[in-house]
Amino acid sequence: LLRAAAALGPRFVVVAQADAGMEEATMVALAAARVRGLRYSLYRGQWAEPHAVAAHAARAAACGLHAEIYADAAVLAPAVQALSALPRLVIDHLGMTEAGLPVVLDLAAAGAKVKATGFGRVELEVPAALERIAARAPLALMFATDLPSVRARRPFSPADIDLLRRVLGEGLARAALRETAEAFYRVG
């Protein structure tokens with residue numbers, strides 16, 4: 001992973017899978033190789049407890065890595081305060097569910113970024129969720145394709161970009177489609 005991350009060049013960044021046993025030395029080495037963050041999957045069961053994620057992510061942050069969380073954001077509710085204290089946090093796929101949207105809104109208001117991805121895998125009304133997140137934290141949204149979309153009911157479609165532009169308007173859509181992610185991931 002370290003050699004692959006270094007070989008990609010300055011326009012590419014890597015987010016690695018978080019492992020509970022990961023030592024600080026490994027995290028430092030990842031950050032030095034331009035890995036930007038660690039992904040914590042509560043949705044697929046690699047992590048079960050949101051407080052454990054917050055504690056591990058705080059250790060990773062001290063090593064220069066942000067946290068990206070793939071979860072039904074509703075399960076994060078008990079750890080909102082601890083997650084809000086992280087210096088850099090991303091919530092994947094709009095938080096997945098309508099029940100998780102209030103948690104996403106609280107985290108976005110605290111500075112978290114929210115991936116506007118996986119529209120074919122979420123259990124919420126995407127346009128309404130985009131509107132609510134943008135109203136709460138206008139520069140929180142970051143778009144991505146979610147390719148190859150292997151577990152999604154509907155794979156990524158270019159129409160997802162059109163939806164984002166229609167809902168957010170040109171200024172916020174431009175930020176979500178490029179500027180916010182470039183700044184967050186320190187691309188360039």
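The values are calculated or read from the model by the stated rules, or taken from the named source; none is laboratory data. Please read all numbers here as calculations on a predicted model, not as lab measurements. Every residue, glycine among them, receives a Cβ derived from its backbone with ideal geometry; neighbour counts consider all protein chains shown. Remember, those area values only see protein heavy atoms, side chains included, never the ligands or the DNA or RNA. Shrake-Rupley method; radii C 1.70, N 1.55, O 1.52, S 1.80 Å.
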Fill in: Accessible area of the chain belonging to carbon and sulfur atoms, whole % at 1.4 Å probe
57
Fill in: Solvent-accessible area per residue for the chain (1.4 angstrom probe, square angstrom)
46
Worksheet entry | Under 15 Å, Cβ to Cβ, from A55 - net charge with Lys/Arg +1 and Asp/Glu -1 | -3
Worksheet item: Just from its helices, what would the mean residue ellipticity at 222 nm be for the chain, if runs of 4 or more DSSP H residues each count -39500 (n - 2.57) and the sum is divided by every residue, rounded to the nearest 500 deg cm²/dmol?
Response: -11000 deg cm²/dmol
Worksheet entry | By average C-beta atoms within 10 angstrom, highest first, the peptides 32-45, 96-109 | 96-109, 32-45
Fill in: Correct choice for Kirkwood radius over Cα pairs in Å that was computed from the model, options (i) 16.6; (ii) 19.0; (iii) 18.5
(i)
Worksheet item: Over the chain, what is the mean sequence separation of C-alpha contacts under 8 Å (at least six apart), divided by residue count, expressed as relative contact order in percent?
Response: 15
